[in-house]
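> The structure is given below, and queries will be raised subsequently.
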Amino acid sequence: MTNREKEILKWIEEDPFISQSELAEKADIARSSIAVHISNLIKKGKIIGKGYIIQKKSFVTVIGGTNIDISAKSYSPLKDYDSNPGKVNTSFGGVGRNIADNLSRLNQDVELITVLGDDFNGEEVKKNCRVLGINTSNSLTIPNSSTSTYISILNDNNDMKLAISAMDLYENVTIDFIKSKKEILDESKICIVDTNIPKETIQYIVNNFNIPIFLDCVSTTKALKIKEFIGKFHTIKPNKIEAETLSDIKIVDFNSLQKCANFFIQKGVKQVFISLGEEGVFYSNGVTSGKMSPFKTEVINTTGAGDAFMSGIAYSFLDNLDIVESCKNGIACATIAISSEKTISDNMSLENVNKIKEENL
């Protein structure tokens, strides 16, 4: 919006029944000019229809990776330097996109800011996001490039043994690019960032936007990008190794878990969720802390569990839930994820999240 449009919108918010003549008098411009500005505000979705009904949407902005995920699972123990019989699944992925996908299935409005190639896969990602109701109009498409790809190899126990990621495209998420998205970020309820984007861009985001920022560490190596300014994040979700790397505290028991979480809280983080794999999740907000066991389910694919957990705690924050309920929702979302062959489960929904929680009371 232009400064004049912001000014007019503010007057309308203060008095939805104000006339165009009164607006013209306040702005000291012609009524016809006011009509043009109002028309522009309607086109931009800031005003809905006649009577100056203001559009107020609560939405999440997710900034991060979008990939084509190729997951290959071996039928038997993996053999190095050999062809292993198994099956292959191809799906839309990327930490940021996965979180956005899960959130949309939890009935949240999502703005996805990512980078795509100008290839077939990039167009398919956009189409899929449109179906899900995820807005990608503020994402970046790089000419003459291929959309990022992530290939993971799972053993016969469904544990990831090896992965290759082609994600150089995310270097294009520059500070200048994020500056151009200021209006979107300022209007977001929360912003979720993953560490696929450059360190200096993440640092700019946490230093220049006054909204709760949730961090997904992605991997131990990428988590190191934010070690110097970890306290700037509202909520972080590291796994055990990532938490150890960021805090320099070895986790060996409950006391060291508490000490590690306290390290982040003392830095300024408001909520910490440390994923412990089969042992569950340790949570803390500096007042309430504890360890929550995973819910029972058949483990089929662990690839999307962390992304689903993040969507669960983000949804919980938007719903003003406490940290214990947030952790339950996160684990319920992760349970749905690991019960599916797909990275994003078709069963992800608020109804199923609540059903799983009831079953595990």
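The values are calculated or read from the model by the stated rules, or taken from the named source; none is laboratory data. Everything numeric here is computed off the predicted structure, so don't read it as measured data. Virtual Cβ from ideal backbone geometry, glycine too; neighbours counted across all protein chains shown.
> For residue 201, are the conditions met, namely being under 18 Å from residue 113 (Cβ atoms), polar (S, T, N, Q) and buried (at least 17 other Cβ atoms within 10 Å of the Cβ)?
Values: under 18 Å from residue 113 (Cβ atoms): yes; polar (S, T, N, Q): yes; buried (at least 17 other Cβ atoms within 10 Å of the Cβ): yes.
Yes: the conditions hold for residue 201.
> Any idea which residue in the stretch 250-278 is surrounded by the most Cβ atoms within 10 Å (Cβ to Cβ), counting only those that are of a type in the set (D, E, K, R) and more than 24 Å from the chain's Cα centre (by Cα)? If you could, list the steps in order and put the result at the bottom.
At the first step, the residues of the stretch 250-278 found to be of a type in the set (D, E, K, R) are 250, 253, 259, 267, 270, 278.
With more than 24 Å from the chain's Cα centre (by Cα) added as a condition, the list becomes 250, 253, 259.
Working: 250: 11, 253: 9, 259: 14.
Here the residue is 259.
> Right, another one. So residue 334 ticks every box in (1) touching a residue at least 24 places away in the same chain (Cβ under 8 Å); (2) touching a strand residue (DSSP E or B) at 6+ places or on another chain (Cβ under 8 Å); (3) part of a helix (DSSP H, G or I) but one. Which box is left unticked?
(2)
> While we're looking at this one, here's another question. Out of the strands (runs of 3 or more DSSP E) lying entirely within the stretch 236-327, which hold 2 or more residues that are among the hydroxyl-bearing types (Ser, Thr, Tyr) and at negative phi? Spell out the reasoning first.
On the way: elements: 271-275, 281-284, 289-292.
Strands (runs of 3 or more DSSP E) meeting the threshold: 281-284.
> Any idea how many residues of the stretch 41-68 are modelled with pLDDT of 75 or more, more than 30 Å from residue 94 (Cα to Cα) and either surrounded by 11 or more Cβ atoms within 10 Å (Cβ to Cβ) or of a type in the set (A, V, I, L, M, F, W, C) (or both)?
4
> Of all residues in the stretch 182-220, count the ones that are β-branched (Val, Ile, Thr), over 12 Å from the mean Cα position of the chain (by Cα), assigned to a loop (DSSP other than H, G, I, E, B) and closer than 15 Å to residue 233 by Cα. Full working, then the answer.
Going through the stretch 182-220, the residues β-branched (Val, Ile, Thr) turn out to be 184, 190, 192-193, 195, 197, 201-202, 205-206, 211, 213, 218, 220.
With over 12 Å from the mean Cα position of the chain (by Cα) added as a condition, the list becomes 184, 197, 201-202, 205-206, 211, 220.
Subsequent filtering for residues that are assigned to a loop (DSSP other than H, G, I, E, B) retains 197, 211.
Retained after the next criterion (residues that are closer than 15 Å to residue 233 by Cα): 211.
Selection size over the stretch 182-220: 1.
> Could you identify the single residue in 29, 34, 18 that is modelled with pLDDT under 85 and of a type in the set (Val, Ile, Thr)?
Values: 29 fails: modelled with pLDDT under 85; 34 fails: modelled with pLDDT under 85.
From the options 29, 34, 18, the qualifying one is 18.
> Right, another one. Determine, yes or no, whether residue 71 is touching a residue at least 40 places away in the same chain (Cβ under 8 Å), assigned to a strand (DSSP E or B) and surrounded by fewer than 21 Cβ atoms within 10 Å (Cβ to Cβ).
On the way: touching a residue at least 40 places away in the same chain (Cβ under 8 Å): yes; assigned to a strand (DSSP E or B): yes; surrounded by fewer than 21 Cβ atoms within 10 Å (Cβ to Cβ): no.
The answer is no for residue 71.
The rows are residues; the columns are (1) outside the structural domain of residue 205 (by TED's automatic domain parsing); (2) more than 30 Å from residue 74 (Cα to Cα); (3) at pLDDT 90 or above.
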| position | (1), (2), (3) |
| --- | --- |
| 135 | no, yes, yes |
| 138 | no, yes, yes |
| 141 | no, yes, yes |
| 153 | yes, no, yes |
| 157 | yes, no, no |
| 162 | yes, no, no |
| 172 | no, yes, yes |
| 177 | no, yes, yes |
| 182 | no, yes, yes |
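> Okay, next question. When you check residue 361 against the structure, is it of a type in the set (A, V, I, L, M, F, W, C) and more than 22 Å from residue 279 (Cα to Cα), yes or no?
Considered against the rule, which asks whether it is of a type in the set (A, V, I, L, M, F, W, C) and more than 22 Å from residue 279 (Cα to Cα), residue 361 comes out as no.
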